[in-house]
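As structure tokens, the structure follows; a few thoughts come after it.
The values are calculated or read from the model by the stated rules, or taken from the named source; none is laboratory data. A quick note: this is a predicted structure, and the numbers were derived from the prediction, not measured. In this analysis, Cβ positions are derived from the backbone assuming ideal geometry, glycine residues included, and neighbour counts consider all displayed protein chains.
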Amino acid sequence: MSKFHKYTVLISLFMIITLFYFCTQVKAEIILSIIDPAGDDYGPGNYIYPQADVFQKGKGLFDITAFNIIEETSQYEFQLKFNELINVWDSTFGFSLPLIEIYIDNAKGGSFELFSKGANVKLNPAYCWNKLLKINGWWVSLNVPDDRSSDFLDLIIAEDDLPWIIKNPEIEVKDNWIKLKVDKEKIGSLDDSYLYIMVGGFDPFGYNYYRGVKNSDDHWFFNLKGEKSVEYAPRVIDLIVPPEYNQYKMLSHYENDYPQIEPVYVKRTEQKTEQDYYTSFVLFVLLFVLVNLILKIIKRRSGVKEDDKEKEQRD
């Protein structure tokens, strides 16, 4: 085999491998994008921030204004934007005040009971959760319903050693965005899933780390204006709800029981669009043209002539 033909085979293989690589790569895709109203971080609408100075350093300190899920090849990236993120207590990740819980219904079975009742809400029994992603400024955890059988309140091991704590999470906090990447194999597929997305105030001494509610002014508790009982008052300060629901109305129904919240639906669009096929075709044509140009240059520099080629073929 001549040097020219060796080059031809090698470059053809390169073209095939390159084309296969580009066609099989899964592009980062937004599978959920929600804009939440700004200025609604008052629970059922009538909560007042705690009176301590740390809660007076800005507005919208618990106000989630956008939520996205980006699917990558092997990970999901959860993106949460807040009106303002501050780090008054020098947390590990760069924000101190919000506590985020994302209950995920993405498989059969599961539970409609909260992992712990600190949030003071109920989930819709029609959508049972399978995974719970909990995020605050110091640690990220991923639970399944069976974890409740572990009496973790009595554990004497360090919190970092708990099995549901995600070690060294891929989390970035910048420009009021919290971006967290989690391996798909830990979450499971989010196609046609339902998510409860709620924000409370992080309190290291609170029940399930939720900051409590009182019906009087307090330095460290949210204040429920009026004389309404706080027995069933939700500790959820902001909530992402389906478009047909209203957060204030949903969280206000707590006269005799905890208010029931509703999940948002994640529906995947078609992965392959007409534009995807067009892009693949253009890529193939460009590679084909490029390879032919390279072959011509190699042929010219190697001194191979048409007559020599035809003679070689006859021989």
Query raised in the report: With respect to LEU132, is the statement that it is surrounded by 15 or more Cβ atoms within 10 Å (Cβ to Cβ) and at pLDDT below 95 true?
Result: no
Query - Filter result for the condition that a residue is more than 30 Å from GLN51 (Cβ to Cβ), among the small types (Gly, Ala, Ser) and modelled with pLDDT of 95 or more, over ALA119, ALA107, ALA158 - result: ALA107
Query raised in the report: Does the stretch 161-201 hold any residues that are on the phi > 0 side of the Ramachandran plot and more than 14 Å from the chain's Cα centre (by Cα), and which are they?
Result: ASN168, ASP175, ASN176, ASP192
Report summary line: When every residue in the stretch 230-248 that is of a type outside the set (Asp, Glu) and free of Cβ contacts under 8 Å to residues at least 40 places away in the same chain is compared, the one surrounded by the fewest Cβ atoms within 10 Å (Cβ to Cβ) is PRO243
Report task. May I ask you to verify whether LYS117 is more than 21 Å from the chain's Cα centre (by Cα) and either buried (at least 17 other Cβ atoms within 10 Å of the Cβ) or not assigned by TED's automatic domain parsing to the domain that holds TYR254 (or both)? Result -> no
**Report entry** the stretch 203-229 - residue that is among the aromatic types (Phe, Trp, Tyr), in contact with a Lys or Arg (Cβ under 8 Å, 6 or more places away or on another chain) and assigned to a loop (DSSP other than H, G, I, E, B) and, of those, surrounded by the most Cβ atoms within 10 Å (Cβ to Cβ)
**Finding:** PHE221
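Yes or no: the stretch 268-280 includes at least one residue that is of a type outside the set (Ser, Thr, Tyr), surrounded by 10 or more Cβ atoms within 10 Å (Cβ to Cβ) and modelled with pLDDT of 70 or more.
Yes - at least one qualifying residue is present in the stretch 268-280.
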Query raised in the report: Out of all the residues in the stretch 214-228, which are closer than 13 Å to GLU255 by Cβ and in contact with an Asp or Glu (Cβ under 8 Å, 6 or more places away or on another chain)?
Result: none
Query raised in the report: What pairs can you find where one residue is in the stretch 165-183 and assigned by TED's automatic domain parsing to the domain that holds VAL144, the other is among the hydroxyl-bearing types (Ser, Thr, Tyr) and not in a loop (DSSP other than H, G, I, E, B), and their Cβ atoms are less than 8 Å apart, with a gap of 6+ or different chains?
Result: ILE165/SER141; ILE166/SER141; LYS181/TYR76; VAL182/TYR76
